[in-house]
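Values in this text are rule-based calculations from the coordinates and carry no lab data. Keep in mind it's a predicted model, so treat the numbers as computed, not measured. Every residue, glycine as well, gets a Cβ built from its backbone with ideal geometry; the counts of neighbours run over all protein chains shown.
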Amino acid sequence: MKIEGAWIEAEGVQRVLHLLTEAGHQGLLVGGCVRNALLHQPVADIDIATDAVPERVMALAKAVGLKVVPTGIEHGTVTIVVAGEPHEVTTFRRDVETHGRHATVAFATRVEEDAARRDFTMNALYADAGGHVVDPLGGLPDLEARRVRFVGDAGARIREDYLRILRFFRFHAWYGDPKAGMDAAALAACAANSGGTETLSRERIGHEMRRLLAAPDPAPAVAAMWATGVLGHVLPGTDPRALAPLVHLEPPYAPDWLRRLAALGGPDPTEALRLSRDEARKLAVLSDGIGGMAGPAELAYRHGAALARDVLLLRAAVLEAPLPGGWEAAVAQGAGAKFPLRAGDLMPGLSGSELGARLKELEARWIASGFELSREQLLA
């Protein structure tokens, strides 16, 4: 099997691979770039693996005048810069001892050893400079079936790093076949080790949940997280029932992970996922809006068209009700409305809290009028 694409033919990629192979070493593309190319999906990160130790890789690069940076040399990774583009090269590794995220590793000389320490079989695929696929663990059938399966014993892989539980569900959402279901051994291992997710940093959990919820349809994966108890450990008190209806209602609007997070309900996840201030503010608007009474136009006037639309989609999904008729026109109207009064219009007759209360009252009248009352009518 062979992969193709402009990314693999790029000057920098080819130059780094040939630099290694012409010196008698293996130089192989690995992981996500190979997986995505085989699935005909966009390739973002390009990783290169080799049997050459980091010092040898650095010496080879310097010998031909290339800039090289020891970005993670203790883990076997150096970065070779070609025409301003960085290319990460990592020496084959094998696990000596595993204890969570910080495994003790040693450099290896065989690609089979390097493949054996990866998380999923679809990520243990390699390719040479010509695009010819190297499959040391038999992962191609899994990729072709879009089956996310752990390398070796699922429980052992998870206990090496409990983040792999969340990665399993995220990978299924992006690459798995929803009709075929999930790998039974993987699900059982995720359920048995679900408590281990509580040892993970909130930043790592937040990063994975963002990527999971941004998938085209994360609903089946999140439902499986709930069924295995994983979701309860990561986001206690949440419920995925409204997520599938929301995903169904979303087109033609783009997927939005924060909108989908709001559909899960539960306690404020700001700390649990390390949300930014802006994310937390938007999530509060969405969560409060689900049970609020403001109509489409008022929502758009107060929060903008995008947040108003998201609130209305969430209401329909959570309450299992249709979207209100003419809601898009109402949102457009509200988003373009501008309150005709300012505080100075009521001064000096009013000041302080009385001024604020009067402005709020008049604004409510103006909204109720469909934004039609003029400045003169409001003052009268």
request  = Percent of Cα-Cα pairs per 5 Å bin, from 0 to the last occupied bin, for region 301-380, please list those.
outcome  = 3, 14, 20, 18, 15, 12, 9, 6, 3, 1
request  = Would you list the P(r) distribution for region 140-248, with all Cα-Cα distances sorted into 10 Å bins from 0 and each bin expressed as a whole %?
outcome  = 15, 51, 31, 3
Cα pair distances exceeding 16 angstrom across region 195-316, given as percent = 60
request  = Answer with one residue from A49, V16, L200: the one whose Cα lies farthest towards the positive end of the charge dipole of the chain, charges on Cβ with Lys, Arg +1 and Asp, Glu -1.
outcome  = L200
key: Quotient of Cα Rg and 2.2 N^0.38 Å for region 33-151, N being how many residues it contains   = 1.12
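Helix check for the chain. Which DSSP H runs span at least 18 Å along their own axis by Cα, with a mean Kyte-Doolittle hydropathy no less than -1.0? Write out the running numbers ahead of the final one.
On the way: long enough: 277-290 (20 Å, -0.34); 305-319 (21 Å, 1.59); 352-368 (25 Å, -0.27).
Helices passing the filter in the chain: 277-290, 305-319, 352-368.
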remark   = Kirkwood-based Rg/Rh on the Cα set of region 340-380 evaluates to 0.96
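From largest to smallest, what semi-axes in whole angstrom does the chain give when each is the square root of 5 times an eigenvalue of its alpha carbon gyration tensor? Show your work: numbers first, answer last.
Values: eigenvalues 531, 122, 74 Å².
Whole-Å semi-axes of the equivalent ellipsoid: 52, 25, 19.
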ask   = Using only helices, what value at 222 nm comes out for the chain when you add -39,500 (n - 2.57) per DSSP H run of length 4 or more and divide by the total residues, to the nearest 500 deg cm²/dmol?
value = -13500 deg cm²/dmol
request  = Evaluate the Debye formula for region 1-99 with equal point scatterers sitting on the alpha carbons, no solvent, and hand back log10 of I(q)/I(0) at q = 0.21, 0.24 Å⁻¹, in q order, two decimals.
outcome  = -1.08, -1.31
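Please identify every one of the trypsin sites (Lys or Arg not before Pro) in region 347-380 that sits in a loop by DSSP and has no more than 11 other beta carbons within 10 Å of its own beta carbon.
Numbers: sites: R358, K360, R365, R375; in loops: none.
Counting only loop positions with at most 11 other Cβ atoms within 10 Å, none of the trypsin sites (Lys or Arg not before Pro) in region 347-380 qualifies.
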